[in-house]
1. Return the inverse of the average 1/r over all pairs of distinct C-alpha atoms in region 79-127, which is the Kirkwood hydrodynamic radius, in Å to one decimal.
2. Would you list, by chain and number, the lysines whose Cα falls below 17 Å from the Cα of Lys70, excluding same-chain residues fewer than 8 positions away?
3. If you take every residue apart from Asp29 with its C-beta less than 15 Å away from the C-beta of Asp29, what net charge results, scoring Lys and Arg +1 and Asp and Glu -1?
4. Can you work out D for the chain in µm² s⁻¹ from Stokes-Einstein, where Rh is the Kirkwood radius over C-alpha pairs, the temperature is 20 °C and the viscosity is 1.002 mPa s?
5. Averaged over every viewing direction, what's the projected area of the C-alpha convex hull for region 10-77? Give it in nm², one decimal, please.
6. If I take every Cα pair under 8 Å that is 6 or more residues apart in region 10-77, average their sequence separation and divide by the length, what percent do I get for the relative contact order?
7. Assigning unit charges at the beta carbon (Lys, Arg +1; Asp, Glu -1) and nothing else, what dipole magnitude in debye, to the nearest 20, does the chain show about its Cα centre?
Amino acid sequence: MLCDLSRPGAPEIKEALLTGFIKRKKTNDKQALKALTKLLDPGEAEALALAGELGVDIIINGKKGRRVAKSRGITPRGTGAIFIKMKQKGVINSVAPVLEILRSNGYRLSPQLCQEVLALCGEDSSLT
């Protein structure tokens, strides 16, 4: 259950869960989960343990989480990489407005990351 539906994106996540667009899944690898919980917060630990169990990449932005993922042979993907892929596939027309929405809602994105993402998407990076 989502705790705070006032957080940006929380109502959309709730809707996606209710409609089955996304599903919750817990890891069966309790040993990995126990080890990871000593290094990361419970949510990151569960996500990394599950990614390792399933053999998939993980969307994770924090430096520590990315470092731990790499050390376990899990490829971390950041928010910027996801937006680049979305633009390449035509899911979104422009990355700049999405980045601005995130930033205006308190999501921490460095100006350097925004400039790199915009440049890779062929968008004007002087707007950041």
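Each reported figure results from applying straightforward, stated rules to the coordinates on display, with no laboratory input. As the structure is a computational prediction, the values presented were derived from the model and not from experiment. Neighbour counts are summed over all protein chains in view; Cβ atoms, including those assigned to glycine, are modelled from backbone coordinates with ideal geometry.
1. For region 79-127, the Kirkwood estimate is 10.6 Å.
2. Straight-line reach from Lys70, under 17 Å: Lys38.
3. Result for the local shell: +3.
4. For these conditions, the coefficient is 131 µm²/s.
5. Average of the hull's projected areas for region 10-77 equals 4.8 nm².
6. This gives 23 percent for region 10-77.
7. Computed charge dipole of the chain: roughly 560 debye.
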